[in-house]
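The values are calculated or read from the model by the stated rules, or taken from the named source; none is laboratory data. These numbers come from a predicted model, not from an experiment. Ideal geometry is used to build each Cβ from the backbone, glycine not excepted, and the neighbour counts take in all protein chains shown. Accessible surface is based on the protein model in full, side chains and every heavy atom, while ligands, DNA and RNA are left aside. Shrake-Rupley method; radii C 1.70, N 1.55, O 1.52, S 1.80 Å.
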Amino acid sequence: MITVIGTGTAPGAPPDVGGATLVAGARRHLAAAGLPPGTARVELGPLAPALDTIAAHLAAAGGHSARVVVLASGDPGFFGIVRALAERFGPGALHVRPSVPSVALAFARAGLPWDDAVVVSAHGRDPRTAVHVCRAHPKTAVLTGPGAGPAELGAALAGAGADRTLLVATALGTPGERIRRMSPAEAARTAWPDPVSVVLCLAGSRTLATAQRTLAGPPPGPAGWALPEEAFSHRDSMISKSEVRALALARLGPRLGDLLWDVGAGSGSVGVECARFGAAVTAVEQSADGAARCRANAAAHGVDLHVVHGTAPGALTALPDPDAVFVGGGGRELPGILDVCARRARRSVVVTLATLDRVPAARQALATGGLHTDGVLLHSSRLAPLPGEVSRLAATHPVFVLWGTRPGLQGAAP
């Protein structure tokens, strides 16, 4: 039997390891446990060797007289070691005794509920997902790790212009516990101890859900998409029509943890729709009034857009690499814009074109960037009323929708 004990986030006596023939845990957990002299122990660092040691210990004892205790922080079933132990030894071999989850304790210290929070782990993982979730969601808890701590998170959020407040919780549940509230820029300038327990990333007045919750976690995706043009402020009908947006969204596949670029954003309608699915979005727009319109549309739909007032492709240089890109403008600069987007997009690029003569160059730019290309000519007709309570079909302008997808990454998880 393997007993997994959560520790370190609630006051009380040291964990009961009496009778253990082997105790595994991080150095700080082993030091705090007060192990009897001579107790075999293994310090958790790289996980595979520690699991091998546990397996060898159990095999040597024949599985009868061995009592293995594994010490872990908080709730070891929440982004913790229980997963690895269950995969190796089976759930039936485990007896789990959790303590207070560090995320729950951090939100308790902040006086906030967390049933509407997104929890993302950056420990041993690509921190870009945590950054994108923090940008897109108003209440996020980040489990930190080496190279993905408050300084790195703060620097990325500050660089994206994210209006967020960070609550950095260190040494939770210990006499040295500390909660510090600061801006992302301040967090980026601070030297942090190791380990930091959890970082809460909050968006001001939006940190409380507006209605009673039924499902924990982020809100479900939108009930509808490809919203009518009337749902957005736009200039002289310069907006991607809803039919075009429906197909673009299908090829972009926006989701929580993604970063999307909306290049030549105009009204920002595509970017806003991507943000409604939970993606972080950077909208690039060359006109000042267009950039203001993007911000206004984002605010009207309750989502966050990072709006860059600049001209592509130059304005793309300093941006972090996106998962997917929508290009809705570009003019003569379109081949250069698509060249940059195709090389840097991790998953896909979608571009809309009004003229046939630009299609070959656009396809070539996508293919040169290593993407598999496809596309359609989208020509729709809408019902329009006529006198006498009858209707006709009113044709919209045809639009070429091209897309390129990175081989093998179309369905990759964030």
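Counting only residues that are more than 33 Å from the chain's Cα centre (by Cα) and exposed (fewer than 10 other Cβ atoms within 10 Å of the Cβ), which one in the stretch 26-49 is nearest to Glu87 (Cα to Cα)? Looking at the filtered set, the residue picked out is Gly38.
Filter the stretch 277-290 down to the residues that are surrounded by fewer than 21 Cβ atoms within 10 Å (Cβ to Cβ) and touching a residue at least 24 places away in the same chain (Cβ under 8 Å), then identify the one that is farthest from Thr210 (Cα to Cα). Write out each step before concluding.
Within the stretch 277-290, the subset surrounded by fewer than 21 Cβ atoms within 10 Å (Cβ to Cβ) is 277, 286-289.
So of that shortlist, the ones also touching a residue at least 24 places away in the same chain (Cβ under 8 Å) come out as 277, 286, 289.
Values: Phe277: 18, Gln286: 35, Asp289: 31 Å.
Here the residue is Gln286.
Scanning the stretch 229-257 for residues that are touching a helix residue (DSSP H, G or I) at 6+ places or on another chain (Cβ under 8 Å), on the phi < 0 side of the Ramachandran plot and open to solvent by 70 Å² or more (accessible area, probe 1.4 Å) gives a single hit, Arg235. Within the set Ala10, Ala31, Ala26, Ala40, the sole residue that is of a type in the set (A, V, I, L, M) and within 19 Å of Leu105 (Cα to Cα) turns out to be Ala10. Can you pull out every residue in the stretch 68-83 that is touching a helix residue (DSSP H, G or I) at 6+ places or on another chain (Cβ under 9 Å), open to solvent by 20 Å² or more (accessible area, probe 1.4 Å) and either within 22 Å of Leu35 (Cα to Cα) or assigned to a helix (DSSP H, G or I) (or both)? Residues satisfying the conditions are Ser73, Asp75, Ile81, Val82.
Just one residue in the set Leu256, Leu247, Leu227, Leu260 is part of a helix (DSSP H, G or I) and touching a residue at least 12 places away in the same chain (Cβ under 8 Å); that residue is Leu247. Taking the stretch 318-347 as the range and being more than 26 Å from the chain's Cα centre (by Cα) and either under 21 Å from Met238 (Cβ atoms) or touching a residue at least 60 places away in the same chain (Cβ under 8 Å) (or both) as the test, the residues that pass are Gly329, Gly330, Gly331, Arg332, Glu333, Leu334.
Every condition in (1) in a loop (DSSP other than H, G, I, E, B); (2) closer than 23 Å to Ala10 by Cβ; (3) within 22 Å of the chain's Cα centre (by Cα) holds for Gly221 except the one numbered (2).
Just give me the residues in the stretch 175-222 being surrounded by 13 or more Cβ atoms within 10 Å (Cβ to Cβ), polar (S, T, N, Q) and at pLDDT below 80, in sequence order. Selection gives Ser197 alone. Could you list, in sequence order, the residues of the stretch 313-358 that are of a type in the set (D, E, K, R) and modelled with pLDDT of 95 or more? Selection gives Asp321, Asp323, Asp339, Arg343, Arg344, Arg346, Arg347.
Is the stretch 283-290 home to any residue that is closer than 18 Å to Gly159 by Cβ and touching a His at 6+ places or on another chain (Cβ under 9 Å)? Within the stretch 283-290, one or more residues are closer than 18 Å to Gly159 by Cβ and touching a His at 6+ places or on another chain (Cβ under 9 Å).
Go through the stretch 291-317 and give me each residue that's open to solvent by 40 Å² or more (accessible area, probe 1.4 Å), more than 24 Å from Ile337 (Cα to Cα), part of a helix (DSSP H, G or I) and in contact (Cβ under 8 Å) with a residue 12 or more places away in the chain. Listed by number, the residues that qualify are Ala296, Ala300.
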